[in-house]
Protein chains: 2
Amino acid sequence: MDSLADFRNRFVHSPHDDLIYLDGNSLGRQPAAVGQVIEQVVNREWGERLIRGWNEGWLDISGSVGDLIGELLGARSGEVILAENTSACLYKAAVAALRSQPEKSNVLTDSENFPSDIQILRSACDSAGFHHKVTVVDTSSASDPTGALLAAVDDSTALISLSHVSYKAGWRWNLKEINEAAAKVDALTLWDFSHSVGAVPIDVQSDGVTLAVGCTYKYLNGGPGAPAFIYLRSDQDHLANPITGWFGTAEPFSFDASSPPASGIQRFLTGTPHVVSAALIRPGVEMLLEAGMDRVYEKSVGLSQRFIELCDQRLSPLGFEVRSPRDPQRRGSHVAVFHPDAQAVGLALINEKSVIPDFRPPDLLRFGFAPLYTSFTDVDSTVDRIVELVEDGGVDRWRNETPLVP
Amino acid sequence: MDSLADFRNRFVHSPHDDLIYLDGNSLGRQPAAVGQVIEQVVNREWGERLIRGWNEGWLDISGSVGDLIGELLGARSGEVILAENTSACLYKAAVAALRSQPEKSNVLTDSENFPSDIQILRSACDSAGFHHKVTVVDTSSASDPTGALLAAVDDSTALISLSHVSYKAGWRWNLKEINEAAAKVDALTLWDFSHSVGAVPIDVQSDGVTLAVGCTYKYLNGGPGAPAFIYLRSDQDHLANPITGWFGTAEPFSFDASSPPASGIQRFLTGTPHVVSAALIRPGVEMLLEAGMDRVYEKSVGLSQRFIELCDQRLSPLGFEVRSPRDPQRRGSHVAVFHPDAQAVGLALINEKSVIPDFRPPDLLRFGFAPLYTSFTDVDSTVDRIVELVEDGGVDRWRNETPLVP
């Protein structure tokens, strides 16, 4: 029944525990093929080829891995590139967008956007050089977040920047609807695909996306702190990278400080590409392409719907409450569940039951369903273990613990 | 005689060639201990501990590896942090510096600075929000670069930003002299230590350095595209990171978009640290600390002086000419050598003689002497092989080749 079941064995699983890992929305599991990449890039290329590696594949690694990610997004070759981290990429993209909108004043985002994104948008306003300001629309308890957001769009809107799937509740915006509303008032949109890429369908062409960034260590399984990516539609020639370093110029190896920006997406590079960590991104993306996003998404919906049903049946009586949208079209691949002692429940699950969800303050647990390595049995067992834990009094044992990273 | 000779075996050497690697000024050799780091960080931590890694060492990795680099610089704990790449770090540091100097207009650098640095300084002027402009002092043929630079310093100088050791000729500025001259007119200085850290002595405290960035994949042997570092003296509280993302805030895991900046150097972080590539930096830095910068520098001078002497004796008659400063106090750990067919000589050396220098257009070869893995015999053999090559007509065989990366 589960046509993706075999992918599970192409990820690393610890021999030391019977772990159910439901935090792939935060840090994805390691593809087994990472070992071969290390052998190639670290042992052979860095170890033996040394500087010659630049002429043997490193030079274009940001673009070649970017193109693979682009395939997941429905982008054309040359529209996606790896760079730094999501926040730095968002800054570059946002400043570029705002400098192309000098006569409009307003940057719209919503309260459920990732906090770093909101902070970065403010930084971008400070650097763009005009008088842009960020307006944060409160969608935290909106019954219709889209309506709430669109009510704030007007002729002063320079840019709308949102997380395609929100990090907490997993709310998913309709890309096309927002992009079309923005276009009507000549506003740009800038999407953060961190919680959606590799989990839900994205087709930048039919969805009308012009500018986006995203993270590679969640559903793309690129490893902790893997570089992020920028997508820029190839017709957006007027957008300029505000941090112009040598790798973003037409001829970095001319060593000429007057070298003009590169022509394509490459112009959004800044410094030397993170070769080793870029290479580690490839195996996870290749597996997603092999599986096909249609099947991945179908399983994502299946897993999360099953989890929601079991929550309603078995966990609601124990004080839990699903806080993610129930319509799968309005949701990503993780499900947020309220519990008054959510942090203690999470710690107990991790430390006593070998289930890893994560906790987002003040009272939400997130359960992420990465379709390539999560089974339907994992979903059932998770709910079983939560019930056991609560009935056993396990929550009380972890009430006073507060780890550095929740 | 060479008290550092044993370190050579603590680096990876290919079994396939008899390589003399003189490009450690561009990409350092791989420490043998990298294999253990991979085993720990990739196999154990990412592979098995997964998200728990954040509570088991990842959270502070930018600072803990930064502190190790800080020891090389004579910095205090908490003054150095890893982030992105050198160009992005330079941008953050430069914008921070310029925003603290709103009433001064001029950013001084010199023509021998790395081109990306000059471009980044221009980007920083565009983003700082005032009316700063970059002035590039031409020191390319100055007999007294310091005099030429200082002649351009005046009350309008907001910032002086230079590469401590220049990437081409290997010219080394006197940190203290420039910092003192800047202080006299209330200008800030921002140093790029990319070509000096791990090769020549730096003592940020006695040298009066307030702000610096640097690369970790040259003499620190951190691997291709390893993250860069920022040094900020701990009393510079007024300097603010212009790209404020969650990892630069006081409480990233409060998920609060109004979290204020972190108090120390951590505020210059932006997005998620590059955990894997950060961890790979540690072994190289630890070896330098074990060797001690005094011994490293003594050997650096010994190697480069010997090379210069042999060039004068044996290569000058063949059309080569040393173009680096002859005073070791004015030089880094690489030596630039002119030849009218420098690129062809370099390619012939790499492909026929198993010696790797590098080429910088239009007519310079660079020979880098990384003291931990370069022997005095390497220096002698290099000169022997160059002589053989030229006498054998090898240069002619490579005259029409132009690799992507020179």
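A few notes on this one:
- The number of residues in region A:114-134 being within 17 Å of residue B:259 (Cα to Cα) and either more than 9 Å from chain B (Cβ to nearest Cβ) or among the hydroxyl-bearing types (Ser, Thr, Tyr) (or both) comes to 4.
- One residue from B:301, B:285 being part of a helix (DSSP H, G or I) and not assigned by TED's automatic domain parsing to the domain that holds residue B:369: B:285
- Qualifying residue in region A:373-382 (condition: farther than 13 Å from residue A:306 by Cα, modelled with pLDDT of 95 or more and either within 14 Å of chain B (Cβ to nearest Cβ) or within 19 Å of the chain's Cα centre (by Cα) (or both)): yes
- Region A:330-355 residues that are over 23 Å from residue A:298 (Cβ atoms), paired with ones that are among the small types (Gly, Ala, Ser) (beta carbon under 7 Å, 6 or more apart): A:339/A:319; A:340/A:319; A:348/A:394; A:352/A:394
- Checking each residue in region B:11-26 for being surrounded by fewer than 17 Cβ atoms within 10 Å (Cβ to Cβ) and free of Cβ contacts under 8 Å to residues at least 40 places away in the same chain picks out B:14, B:15, B:16.
- Scanning region A:165-186 for residues that are farther than 15 Å from residue A:26 by Cα and either open to solvent by less than 40 Å² (accessible area, probe 1.4 Å) or in a strand (DSSP E or B) (or both) yields a count of 9.
- Within region B:146-160, one or more residues are open to solvent by less than 10 Å² (accessible area, probe 1.4 Å), in a helix (DSSP H, G or I) and not assigned by TED's automatic domain parsing to the domain that holds residue B:332.
- Those residues of region A:222-281 which are closer than 14 Å to residue A:96 by Cα and within 7 Å of chain B (Cβ to nearest Cβ), in sequence order: A:242, A:243, A:244, A:270
- Any chance residue A:382 is in a helix (DSSP H, G or I), open to solvent by 40 Å² or more (accessible area, probe 1.4 Å) and hydroxyl-bearing (Ser, Thr, Tyr): no
Yes/no per residue for (1) within 9 Å of another protein chain (Cβ to nearest Cβ); (2) touching a Pro at 6+ places or on another chain (Cβ under 7 Å); (3) aromatic (Phe, Trp, Tyr):
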{"residue": "B:52", "(1), (2), (3)": "yes, no, no"}
{"residue": "B:56", "(1), (2), (3)": "no, no, no"}
{"residue": "B:63", "(1), (2), (3)": "no, no, no"}
{"residue": "B:86", "(1), (2), (3)": "yes, no, no"}
{"residue": "B:89", "(1), (2), (3)": "yes, no, no"}
{"residue": "B:96", "(1), (2), (3)": "no, yes, no"}
{"residue": "B:100", "(1), (2), (3)": "no, no, no"}
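Table: residues versus (1) open to solvent by less than 10 Å² (accessible area, probe 1.4 Å); (2) touching a residue at least 60 places away in the same chain (Cβ under 8 Å); (3) under 30 Å from residue B:117 (Cα atoms).
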position	(1), (2), (3)
A:263	no, no, yes
A:267	no, no, yes
A:280	yes, yes, yes
A:285	yes, yes, no
A:288	yes, yes, no
A:294	no, yes, no
A:305	no, no, no
A:311	yes, yes, no
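- Residue A:6 being away from chain B (no Cβ under 14 Å), surrounded by fewer than 20 Cβ atoms within 10 Å (Cβ to Cβ) and charged (D, E, K, R): yes
The values are calculated or read from the model by the stated rules, or taken from the named source; none is laboratory data. The structure displayed is predicted, hence computed values, not measured ones. We place every Cβ from the backbone using ideal geometry, glycine too, and count neighbours over all the protein chains shown. When the accessible area is computed, the model is the full protein with side chains, heavy atoms only, and any ligands, DNA or RNA have been set aside. Shrake-Rupley method; radii C 1.70, N 1.55, O 1.52, S 1.80 Å.
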